[in-house]
Amino acid sequence: MHAKWLSKVFLNKIAENPKIKLTTLMRKAYTKWNVELTKSKASRIRQFALDELQGTYVEQYRRLYDYCHEILRTIPGSSVHLKVQRPPEFASERPMSGVDLRPRFERIYVMLDACRRSFMACRPMIGLDGCFLKTPCGGWLLTAMGWDPNDQILPIAYAVVEAETKDSWTWFLQHLCDDLGVDKIRTYTFMADQ
């Protein structure tokens, strides 16, 4: 039983709890197959599984450009803004070999057309909130919400940003104002936890 095979067997367990203890993996292997694992092998198993899981995160971030265009194609009138970082070597005429020149995800803003149109019938109040994301890549989710006549919460727009900073909130609110219209939004009340 080599570490690669065991990492595939334990992939779901490690996905549920990425910080699973090595002794737990060792105990599970012993009860299931009557095989004693060393701590170093259990560590390799966990690392192989984490690399597999985080690799899927990296692949999904590479597909964000396609996701943005799919939203714009299938939901006309929606607003999607994707911001990426380019490495400094990208602009040079002779990039160094071995340097990854692919853009890295920085921020994404999404406002679906149905949410925008529904919000026009809501109360003139917008709630703003943010929370951190528990993924290997991290980040923050910023949201703008409205309240409909039945006192139900309606999402207006959301953004995933690198951190909750003044710059990221300004970027989010600028896009929100552009999408809803500055003249209309000027009369609205904003509510936030800060």
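Structure notes:
- Net charge contributed by nearby residues that have their C-beta within less than 10 Å of Val160 (K/R +1, D/E -1): -1
- Sorted peptide list for 184-191, 41-48, criterion being average Cβ within 10 angstrom, highest first: 41-48, 184-191
- Fraction of antiparallel bridges per DSSP, the range 77-192 only, in percent to nearest 5: 85 percent
- In sequence order, calculated HN-Hα J values of the range 29-39 (Karplus, 6.51, -1.76, 1.60; Hz; x Gly/Pro): 5, 5, 6, 7, 10, 6, 10, 8, 9, 7, 5
- Residues His69, His2, His81 ordered from highest to lowest accessible area at a 1.4 Å probe: His2, His69, His81.
- Around Ser7: net Lys/Arg minus Asp/Glu count, Cβ-Cβ under 12 Å: +4
- Three-way shape label, the range 77-192, alpha-carbon gyration tensor, a/c 1.5: prolate
- Per-residue packing, averaged as other Cβ atoms within 10 Å, sorts the ranges 9-15, 83-89 into the order 9-15, 83-89, beginning with the highest.
- Among residues other than Gln85 with Cβ under 10 Å from its Cβ, the summed charge is +2 (Lys and Arg +1, Asp and Glu -1).
- Using the Cβ-Cβ distance between Arg27 and Phe132 with R0 set to 35 Å, the FRET efficiency from 1/(1 + (r/R0)^6) comes to roughly 0.65.
- Cα shape, the range 3-54, gyration tensor, a/c 1.5 rule: prolate
- GNM flexibility winner over the chain from Asp148, Asp179, Asp100 (Cα, springs under 10 Å): Asp100
- Residue order for Glu16, Glu59 - accessible surface, 1.4 angstrom probe, largest first: Glu16, Glu59
- From helices alone, the chain scores -13500 deg cm²/dmol at 222 nm; the rule is -39500 (n - 2.57) for each run of n ≥ 4 DSSP H residues, then divide by the residue total.
- Multiplying the residue separation of Tyr67 and Arg104 by 0.36 nm and subtracting their alpha-carbon distance yields 11.8 nm.
- For the pair Thr38 and Asp151 in one chain, pulling the backbone fully straight at 0.36 nm per residue adds 35.0 nm over the alpha carbon distance.
- Counted residue by residue at 0.36 nm each, then reduced by the alpha carbon distance between them, the extension gain from Asp183 to Lys4 reaches 58.5 nm.
- GNM top mover of Ser97, Ser40, Ser118 - the chain, alpha-carbon springs below 10 Å: Ser97
- Residues with amide H under 5 Å from that of Asp129, placed H, sequence gap 5 or more: Thr143
- Gyration tensor (alpha-carbon) shape descriptor, the chain, a/c threshold 1.5: prolate
- The chain: most fluctuating residue of Ala29, Ala163, Ala49 per GNM, C-alpha cutoff 10 Å: Ala29
The values are calculated or read from the model by the stated rules, or taken from the named source; none is laboratory data. Just so it is clear, the model here is predicted, and its values are computed rather than measured. Because the Cβ atoms are built from the backbone with ideal geometry, glycine has one as well, and the counts that use them run over all protein chains shown. Ligands, DNA and RNA are stripped out before the accessible areas are found, and what is left, the full protein with its side chains, is counted by its heavy atoms. Shrake-Rupley method; radii C 1.70, N 1.55, O 1.52, S 1.80 Å.
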